[in-house]
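S.K.: Handing you this structure, nothing more for now.
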Amino acid sequence: MTPLNQNRLTSFLGRAARSIGLRRITGTGGSASATTVLLPGFVRTQSATGLQGTTVQHHRTVRVTARDLAAAAWPDAPKVGDFVVIDGQAHRIEQVEPLYLAKAAVFYLLSIRG
C-alpha cells in the first residue's frame with residue numbers, strides 16, 4: 001500500500017467510522033485498573049450465530065488506524081484480551097491482525113464476539 005493509498009483509506013475510514021472505546025485492564029484483584037480511550041473505528045459484522053431463543057452472538061471485525069491509536073495516547077498495539085467498547089458494551093478482542101506498510105503497522109483488524 002502506498003502512502004497515498006494509506007491516506008485515502010484512512011480518510012475513508014474516518015468518514016465511515018463510529019466512536020468506539022478501547023480498554024485494557026492491568027493488574028489483578030484490588031489493584032486492577034482500566035485504561036480506556038475513545039477513537040474512531042470501522043465496525044463490520046461478519047456473521048451472527050443463534051445461541052438460544054432470540055439470543056444472537058455477533059462475530060465482528062473492528063478496523064482502527066495506528067495513527068488514531070497514537071493520537072488517543074494508547075500505549076502500544078492492541079492485543080488479545082483487550083476490549084472494544086461499542087454502544088456501552090465491552091467485547092473481548094479474540095484476534096489482532098496488523099496490516100503493515102514499510103514494516104510499520106498502519107491498521108489493526110480486531111476480531112471480537114458479542
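S.K.: Estimate the FRET efficiency between L38 and A104 by the formula 1/(1 + (r/R0)^6), using the beta-carbon distance for r and 30 Å for R0, to the nearest 0.05. Before the final figure, lay out the partial values.
M.R.: Values: r = 24 Å, r/R0 = 0.78.
In this case the efficiency is close to 0.80.
S.K.: List the residues whose amide H sits under 5 Å from the amide H of V106, counting only those 5 or more places along or on another chain, with H placed 1.01 Å from N in the peptide plane.
M.R.: L99, Y100, L101
S.K.: Could you give each residue of the range 59-67 its phi-based ³J(HN,Hα) in whole Hz, using Karplus coefficients 6.51, -1.76, 1.60 with θ = phi - 60°, and x for Gly or Pro?
M.R.: Rounded to whole hertz, the list is 9, 10, 10, 10, 9, 10, 9, 4, 4.
Bear in mind that the values in this text are calculations on the coordinates, not laboratory data. Quick caveat: nothing in here was measured; it's all calculated off a predicted structure. In this analysis, Cβ positions are derived from the backbone assuming ideal geometry, glycine residues included, and neighbour counts consider all displayed protein chains.
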